[in-house]
């Protein structure tokens, strides 16, 4: 399968001919390069308000925002509703939807704009995740230390950080350096795209940085 990052929480997940896009920000967002393309599925964290999440796609994809189990074009998507984040600065506590994509033989979990460490009940539902897409930039999403704790609970084989500041994209968040340091992975070289199969998954947790 192939995983491409476009900044923030926006990823293209592709296996064979099936494509899913996660949390697609508007095409006119500054310092971003989300393409105008076709996709089978669009998933959006219900705590992440988008006026028109399917805007910019050249077809009419299936939109998933709410908790439930879905099957689209041979892709299975399970959407889990989290407990609310803690209230901050008087704002209403936000609940998020975690998306778990089950491709042919690889599972990918997208944590959305999660802002708290998951509870045991939530973790148990994510016990067989191969690849974890995790926010690390703080300021409304997981901080570096919280992200490390979530990773230790889920124990994925590959971790891809998201929602952090890179090249002016996501200036409201911290950079990824603190997260890498806490993970003991300071010498990670970013790559354009992650391509892998079930047989190429590592035996122990590995951090992968993707370029925007």
In contact (Cβ under 8 Å) with a residue 12 or more places away in the chain, more than 16 Å from residue 1 (Cα to Cα) and under 15 Å from the mean Cα position of the chain (by Cα): does that describe residue 150?
yes
So is residue 12 free of Cβ contacts under 8 Å to residues at least 40 places away in the same chain, surrounded by fewer than 21 Cβ atoms within 10 Å (Cβ to Cβ) and farther than 19 Å from residue 75 by Cα or not?
no
Residues of the range 118-164 satisfying the condition of being closer than 19 Å to residue 44 by Cα and outside any loop (DSSP other than H, G, I, E, B):
122, 131, 132, 133, 134, 135, 141, 160, 161, 162
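Which one is modelled with the highest pLDDT, of the residues in the range 165-179 that are under 17 Å from the mean Cα position of the chain (by Cα) and either surrounded by fewer than 20 Cβ atoms within 10 Å (Cβ to Cβ) or assigned to a helix (DSSP H, G or I) (or both)? Can you show your working first?
First, pick out the residues of the range 165-179 that are under 17 Å from the mean Cα position of the chain (by Cα): 165-166, 169-170, 173-176, 179.
Filter again for either surrounded by fewer than 20 Cβ atoms within 10 Å (Cβ to Cβ) or assigned to a helix (DSSP H, G or I) (or both), leaving 165, 169, 174-175, 179.
Details: 165: 93, 169: 75, 174: 94, 175: 94, 179: 97.
Looking at the filtered set, the residue picked out is 179.
The values are calculated or read from the model by the stated rules, or taken from the named source; none is laboratory data. Everything numeric in this text was worked out from a predicted model, so none of it was measured. When we count neighbours, we look across all protein chains shown, and the Cβ atoms used for this are built from the backbone with ideal geometry, even at glycine.
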